[in-house]
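Colleague: Structure in structure tokens, see below.
The values are calculated or read from the model by the stated rules, or taken from the named source; none is laboratory data. Please read these numbers as outputs of a predicted model, since none were measured by experiment. Because the Cβ atoms are built from the backbone with ideal geometry, glycine has one as well, and the counts that use them run over all protein chains shown.
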2 protein chains.
Amino acid sequence: MPESIPENSVGLVTPQSRHFSEPLLLECGRTLPEYTLAYECYGELNADRSNAVLLCHALSGDHHAAGYHSMADRKPGWWDALVGPGKPVDTSRFFVVCANVIGSCKGSTGPASTNPEAGKPYGLDFPMVTVKDWVQTQARLADVLGIAQWAAVVGGSLGGMQVLQWAIDFPERLRHAVVIAATPKLSAQNIAFNEVARQAIMTDPDFHEGRYYEFDTKPRRGLALARMVGHITYLSEDAMRQKFGRDLRNGKDFSFGFDVEFEVESYLRYQGRSFVERFDANSYLYITKALDYFDPAAAYDGNLTAALAGVTARFLVVSFTSDWRFAPARSREIVTALYANNLEVSYAEIEAHQGHDAFLMPIAQYVEVFGGYMDRVARECGA
Amino acid sequence: MPESIPENSVGLVTPQSRHFSEPLLLECGRTLPEYTLAYECYGELNADRSNAVLLCHALSGDHHAAGYHSMADRKPGWWDALVGPGKPVDTSRFFVVCANVIGSCKGSTGPASTNPEAGKPYGLDFPMVTVKDWVQTQARLADVLGIAQWAAVVGGSLGGMQVLQWAIDFPERLRHAVVIAATPKLSAQNIAFNEVARQAIMTDPDFHEGRYYEFDTKPRRGLALARMVGHITYLSEDAMRQKFGRDLRNGKDFSFGFDVEFEVESYLRYQGRSFVERFDANSYLYITKALDYFDPAAAYDGNLTAALAGVTARFLVVSFTSDWRFAPARSREIVTALYANNLEVSYAEIEAHQGHDAFLMPIAQYVEVFGGYMDRVARECGA
């Protein structure tokens, strides 16, 4: 709980919600008859509607990017360190929008939502959704908000993939694309980690083929394991060593038992347990599949340059040296393909030991690069 | 099944077993009243008993290092590629011994064995065992076999840790130590992966606090997940890309469902499933803890050089460039500490894309280095 709202915070914010009753044809071939998007807005849209910035969230994120929902909140939104007055995404200059992706569980329609045709939660009857589908829904939201063109679309990790897809699918609807700690496609190792997570959930006896809502239970064990696996990949080996080393939780002698013993074990178990309280297991399945499927170059025989041929946005691409989930080499693949299309690209490889999670943190060099870029974006639209 | 036994194989071998009725005081403070070691021997002990080589196995390994148990065997022993006539561990020159560690489930006493005091399987009543304990049992086996001094003690991964412990605990009982793809201690990340594996097993409803033997079941789902996580860490990202890439199992179109879709998913599920048939879940718990606990420098305030002060063996240390489980930097820590003690050390960092599993494979440069070193060891003992 904040004693008082910090000065560089967007402050208390109220989530919003928009129902779309027009059917959405999805990449998988199925149609979502209707859906809701939960979203938040910070800052003011200027008179010529030129200062809007879209934020795209990652796997376990949501529309609550910054500020507080109430004075009782223990923590602000997930990107509060970088979104707010005077921060890189400066809400005193930009009108900032962030929407929860469909398939998630934070207010937008997903597998835990009621299937209008069945009168009970979708479960695994929810259609598979992709990054491309998310971009479609975000474009519809932009229409509703009266935003013809974003000053910038910005995101990290899975959010960065959405930014890339925006630049491909709606080149005329964004001037700048900020792609942070992302990849043009998952590697076999990335998919392997996602598959272990999914298997942990789906083999949990409380999964009930995704219909656990009806059994008044949930696959707690499986989802906790999935999150533990994820967490290992979000931190660098170095960050783990600095954070935990081989420290023991109680004193210095081994217990020679199977209870929690090393600090890192305690941390992982806590992360697993607490995630179960705030995330739906089916949403974890759907969103990890969206990650696996993302590969805009696939339709071009693996040629990313060809996939980006229609792109017109100017780019900032950022990676972090210790990120082994989506390593700098993956970001450089994007940069190379953008250059090959004669696009304007700034690329920064930030020296950071925090691993993939670095994109969430106000690391000085990162704030400088990201803030500097966004300052130019703001000045362009007179903000 | 081999159509015929290859010429450079040790051929058909018969596992042996030795019961020890003298109690074993373990590092954890408890005593194992009696135990059995399963082991295999290849080659002939020479007249002055100077050509004996001990092989130490890794997490899921056993005493069956080379050759075949019957003509119906689908595969030879786990290190057959490097152990046999004319191979680096040349069974036409050495008398080679490999014993299954206690705590395992392949013939040596472990949690699935009958607790003589209870008349039923130990389960989690089995005492915690450590690398130091294993070395004690191997030394007792050496006594029984009449081997006062090993020409070399050799092992990869967890086997390499046993080699290091041998050199510390029984300096007079080995002339050479060959430590391959090992580490002087696990990192926080290594422990984290082990912890996920253990949590997968222990939260499986079929675990029954380790007493699943009595319920005529086993934690299949948990053990399969544990193995899947392990497998990701045994392969390099590069090896995974070369082996699977983003290839789909059936054709080229996404299924947009949760069945197995990418080749890497199929591989992992198969590895998980098949492991359950051949390994005991409790053994997986015990052996991963032995890995976590290994840290010979701990008693010397983290000073590995001090921990190795009494060592007299000559060393070959080998690491593999793409091994991210126990990276070359970990092997170099061992090498540095050995040098600081003015010990004779050969160190080779083998260029290999296979990751940690490379130590099991007959990679040309590795075979040359390892074979060359073992040739000198053999010549020293007139073999």
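Colleague: Test B:Ile201 against the stated conditions and say whether it is outside any helix (DSSP H, G or I) and either more than 9 Å from chain A (Cβ to nearest Cβ) or among the basic types (Lys, Arg) (or both).
Modeller: So B:Ile201 fails the test.
Colleague: Right, another one. With surrounded by fewer than 22 Cβ atoms within 10 Å (Cβ to Cβ), charged (D, E, K, R) and either touching an Asp or Glu at 6+ places or on another chain (Cβ under 6 Å) or free of Cβ contacts under 8 Å to residues at least 12 places away in the same chain (or both) as the only criterion, which of B:Asp216, B:Asp206 stands out?
Modeller: That would be B:Asp216, the only listed residue that is surrounded by fewer than 22 Cβ atoms within 10 Å (Cβ to Cβ), charged (D, E, K, R) and either touching an Asp or Glu at 6+ places or on another chain (Cβ under 6 Å) or free of Cβ contacts under 8 Å to residues at least 12 places away in the same chain (or both).
Colleague: Inspect region A:294-310 for any residue being within 26 Å of A:Ala226 (Cβ to Cβ), within 14 Å of another protein chain (Cβ to nearest Cβ) and of a type in the set (Ser, Thr, Tyr) and give the result as yes or no.
Modeller: no
Colleague: Please find, within region B:7-47, the residue that is surrounded by the most Cβ atoms within 10 Å (Cβ to Cβ) out of those that are farther than 30 Å from A:Gly257 by Cβ and free of Cβ contacts under 8 Å to residues at least 40 places away in the same chain.
Modeller: Looking at the filtered set, the residue picked out is B:Gln16.
Colleague: Only residues that are in a helix (DSSP H, G or I), farther than 30 Å from B:Ser255 by Cβ and among the aromatic types (Phe, Trp, Tyr): list them for region B:265-316, please.
Modeller: Selection gives B:Tyr284, B:Tyr286, B:Tyr293, B:Tyr300.
Colleague: Moving on to the next point. From the list A:Ala297, A:Ala290, A:Ala281, which residue is among the aliphatic types (A, V, I, L, M), under 20 Å from the mean Cα position of the chain (by Cα) and either surrounded by fewer than 21 Cβ atoms within 10 Å (Cβ to Cβ) or farther than 19 Å from A:Ser187 by Cα (or both)?
Modeller: Among A:Ala297, A:Ala290, A:Ala281, only A:Ala281 is among the aliphatic types (A, V, I, L, M), under 20 Å from the mean Cα position of the chain (by Cα) and either surrounded by fewer than 21 Cβ atoms within 10 Å (Cβ to Cβ) or farther than 19 Å from A:Ser187 by Cα (or both).
Colleague: Got at least one residue in region B:164-174 being closer than 30 Å to B:Gly372 by Cα, at the interface with chain A (Cβ under 10 Å from one of its Cβ atoms) and buried (at least 22 other Cβ atoms within 10 Å of the Cβ)?
Modeller: No, region B:164-174 has no match at all.
Colleague: When region B:239-259 is examined, which residues are found to be outside any helix (DSSP H, G or I) and either under 24 Å from B:Gln354 (Cα atoms) or in contact with a Pro (Cβ under 9 Å, 6 or more places away or on another chain) (or both)?
Modeller: Passing the criteria: B:Phe244, B:Gly245, B:Arg246, B:Asp247, B:Leu248, B:Arg249, B:Phe256.
Colleague: Continuing with this model, one more query. From the list A:Ala378, A:Ala383, exactly one residue is in contact (Cβ under 8 Å) with a residue 60 or more places away in the chain and part of a helix (DSSP H, G or I). Which is it?
Modeller: A:Ala378
Yes or no, residue by residue, for (1) out of contact with any helix residue (DSSP H, G or I) (no Cβ under 8 Å at 6 or more places or on another chain); (2) at pLDDT below 95; (3) at the interface with chain A (Cβ under 9 Å from one of its Cβ atoms); (4) farther than 28 Å from B:Val135 by Cβ:
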| site | (1), (2), (3), (4) |
| --- | --- |
| B:Ala182 | no, no, no, no |
| B:Ala188 | no, no, yes, no |
| B:Ala192 | no, no, yes, no |
| B:Arg211 | no, no, no, yes |
| B:Pro219 | no, no, no, yes |
| B:Met228 | no, no, yes, yes |
| B:Gly245 | no, yes, yes, yes |
| B:Leu268 | no, no, yes, yes |
| B:Thr288 | no, no, no, no |
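Colleague: For the structure I just gave you, tell me whether A:Thr109 is more than 14 Å from every other protein chain (Cβ to nearest Cβ), in contact with a Gly (Cβ under 9 Å, 6 or more places away or on another chain), at pLDDT 95 or above and surrounded by 24 or more Cβ atoms within 10 Å (Cβ to Cβ).
Modeller: Judged against the criteria, A:Thr109 is a match.
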